[in-house]
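Quick notes on the structure that follows.
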Amino acid sequence: MDNAATTPMSPKVIDVITNEMTTDFGNASSTYEIGRTARHAIDQARTKIANVINAEDNEIVFTSGGSESNNTAIFGVAHSRRSIGKRIITTKIEHPSVLEPMKQLEREGYEVIYLDVDQNGRISLADLKANLTPETILVSIMAVNNEIGTINPLEAIGEVVAGSNAYFHVDAVQGLGNIELDVQKMQIDFLSSSAHKINGPKFLGFLYENKKAKLPPLILGGEQETKRRAGTENVPAIAGFGEAVSEIAAVDKMQLQSKYHHFQELILNELEQAKIKYEINGGFDEQFSHHVLNLRLNGISTIVLQTNLDLAGFAVSGGSACTAGSLEPSHVLKACFGAESPRVTESIRISFGRYTTEDEVKKFAKQLAKIASKLQ
Ligand SMILES: Cc1ncc(COP(=O)(O)O)c(C=O)c1O
């Protein structure tokens with residue numbers, strides 16, 4: 001029940017990876033045959049990824065994951081465009097791999113505007129427009145929030161940013177696989193994503209870089225990835241990523257969302273029947289990705305509930321995966337409801353994936369209701 005943290009690998013992805021590992025161990029930069037075979041595997045994966053977001057092959061750069069893609073885009077734009085301006089816009093509820101680079105840029109003398117969000121995690125477009133000055137060089141706004149599932153109106157935001165001097169970066173780590181993404185239609189200049197959230201391998205991601213927007217690399221060294229990311233490519237994992245992307249491309253996102261919505265209802269119905277007092281952080285309309293259900297169970301602290309569920313064999317998160325480990329109160333819930341709100345200390349995040357079954361959700365819902373009745 002924590003698929004927003006990570007997902008199990010697809011059996012076909014495992015097949016592709018193990019096959020690559022056993023048969024093609026060549027270095028993709030080598031010019032002899034096993035090198036060329038490795039290069040071919042990378043090229044094929046790159047094409048599959050480019051197709052799924054409507055980009056060109058040479059606009060896709062492989063990285064070590066969503067965090068590296070975000071760092072590359074943010075530092076790259078900031079450092080290469082500082083002669084134009086030093087102002088950047090983002091939101092208060094981005095992932096730490098966006099917020100921490102922003103804090104570093106502030107230490108370097110950049111001005112970062114953190115847009116407020118409402119209780120549903122939504123920014124105001126008017127607020128964005130009002131903050132977009134000619135000196136603004138970058139707008140970084142996520143596709144789907146990892147804690148409460150808010151889907152940002154990327155097309156509308158892209159339209160606003162396109163009329164300014166700024167580049168538009170989207171952290172789409174929770175978006176890929178759950179919603180449709182189209183970098184042309186949404187006028188996105190940079191888009192980050194990660195393989196392990198879509199049943200692919202860990203420590204692998206990509207950054208889409210619009211060919212018109214040249215970025216300096218974050219990792220310097222060899223000439224891999226046409227000098228945009230040095231380091232010998234992890235060919236088996238990249239081939240597996242290509243397979244994972246092909247699988248999600250074939251999934252109807254509307255159907256997937258309605259399956260997840262049904263799972264959300266199963267859990268809420270169980271809580272209703274057991275007369276549990278709860279509040280939903282986020283919402284249910286089409287502006288939320290239903291793979292996430294963030295709930296406050298009134299009067300039960302996050303850690304107590306999480307531990308009880310863990311003992312019963314169920315994994316849920318107390319925020320994002322990173323904050324869960326350190327028991328920091330969620331910055332997302334604080335931004336939505338205020339630091340003093342009990343929602344900040346009494347909420348859990350439940351999240352579904354492609355392989356989550358109705359049976360699993362029913363068992364989980366029963367256990368959640370049982371634990372909550374005892375604790376409430
Ligand atoms: C919205 C978002 N951005 C970025 C990341 C980081 O991705 P990765 O784990 O591939 O570094 C995550 C992972 O939790 C995420 O949910």
Among (1) within 30 Å of Ile14 (Cα to Cα); (2) in contact with an Asp or Glu (Cβ under 9 Å, 6 or more places away or on another chain), Leu176 falls short only on (2)
Listed by first then second residue, the pairs whose first member lies in the range 343-360 and is part of a helix (DSSP H, G or I), whose partner is modelled with pLDDT under 95 and surrounded by fewer than 24 Cβ atoms within 10 Å (Cβ to Cβ), with beta carbons under 7 Å and at least 6 positions apart or on separate chains, are Val344/Pro329
Of the conditions (1) surrounded by 22 or more Cβ atoms within 10 Å (Cβ to Cβ); (2) not in a helix (DSSP H, G or I), the single one that Glu279 does not satisfy is (1)
Of the listed residues (Val170, Val160), the one being closer than 23 Å to Arg87 by Cβ, over 21 Å from the mean Cα position of the chain (by Cα) and β-branched (Val, Ile, Thr) is Val160
When every residue in the range 216-250 that is of a type in the set (Ser, Thr, Tyr) and over 21 Å from the mean Cα position of the chain (by Cα) is compared, the one surrounded by the fewest Cβ atoms within 10 Å (Cβ to Cβ) is Thr226
Pairs returned, first residue in the range 90-113 that is in contact (Cβ under 8 Å) with a residue 60 or more places away in the chain, second residue that is among the small types (Gly, Ala, Ser) and within 16 Å of the ligand (Cβ to nearest atom), beta-carbon separation under 7 angstrom, 6 or more apart or interchain, are Lys92/Ala335; Ile93/Gly121; Ile93/Ala335; Glu94/Ser140; His95/Ser320; Ser97/Gly66; Ser97/Ser67; Val98/Ser140
Requiring at least 3 residues that are modelled with pLDDT of 95 or more and within 16 Å of the ligand (Cβ to nearest atom), the helices (runs of 4 or more DSSP H) wholly within the range 1-111 are 66-80, 96-107
Given the conditions (1) out of contact with any His (no Cβ under 7 Å at 6 or more places or on another chain); (2) surrounded by 21 or more Cβ atoms within 10 Å (Cβ to Cβ); (3) among the acidic types (Asp, Glu), every one holds for Glu159 apart from (2)
For Glu147, the lone unmet condition from (1) surrounded by 24 or more Cβ atoms within 10 Å (Cβ to Cβ); (2) modelled with pLDDT under 95 is (2)
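Looking at Lys197, Lys253, Lys202, Lys259, can you tell me which residue is under 22 Å from the mean Cα position of the chain (by Cα), among the basic types (Lys, Arg), within 16 Å of the ligand (Cβ to nearest atom) and surrounded by fewer than 24 Cβ atoms within 10 Å (Cβ to Cβ)?
Numbers: Lys197 fails: surrounded by fewer than 24 Cβ atoms within 10 Å (Cβ to Cβ); Lys253 fails: within 16 Å of the ligand (Cβ to nearest atom); Lys259 fails: within 16 Å of the ligand (Cβ to nearest atom).
The unique qualifying residue is Lys202.
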Within the range 184-194, of all residues that are closer than 17 Å to Lys214 by Cα and in contact with a Ser or Thr (Cβ under 9 Å, 6 or more places away or on another chain), the one nearest to the ligand (Cβ to nearest atom) is Ser192
query: Regarding Phe168, is this residue of a type outside the set (Gly, Ala, Ser), within 20 Å of Glu56 (Cβ to Cβ), in contact (Cβ under 8 Å) with a residue 40 or more places away in the chain and buried (at least 24 other Cβ atoms within 10 Å of the Cβ)?
result: no
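Out of Ala312, Ala339, which single residue is without any contact (Cβ under 8 Å) to a residue 24 or more places away in the chain and surrounded by fewer than 21 Cβ atoms within 10 Å (Cβ to Cβ)? Outline the logic, then answer.
Details: Ala312 fails: without any contact (Cβ under 8 Å) to a residue 24 or more places away in the chain.
Testing whether each residue is without any contact (Cβ under 8 Å) to a residue 24 or more places away in the chain and surrounded by fewer than 21 Cβ atoms within 10 Å (Cβ to Cβ) leaves just Ala339.
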Across (1) more than 15 Å from the chain's Cα centre (by Cα); (2) part of a helix (DSSP H, G or I), Ala213 clears everything bar (2)
Checked the range 1-21 for anything surrounded by 19 or more Cβ atoms within 10 Å (Cβ to Cβ) and among the β-branched types (Val, Ile, Thr); matches are Thr7, Val13, Val16, Ile17
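The values are calculated or read from the model by the stated rules, or taken from the named source; none is laboratory data. The shown structure was predicted, so the numbers you read here are calculated from the model rather than taken from an experiment. Positions of Cβ are backbone-derived with ideal geometry, glycine not excepted, and every protein chain shown enters the neighbour counts.
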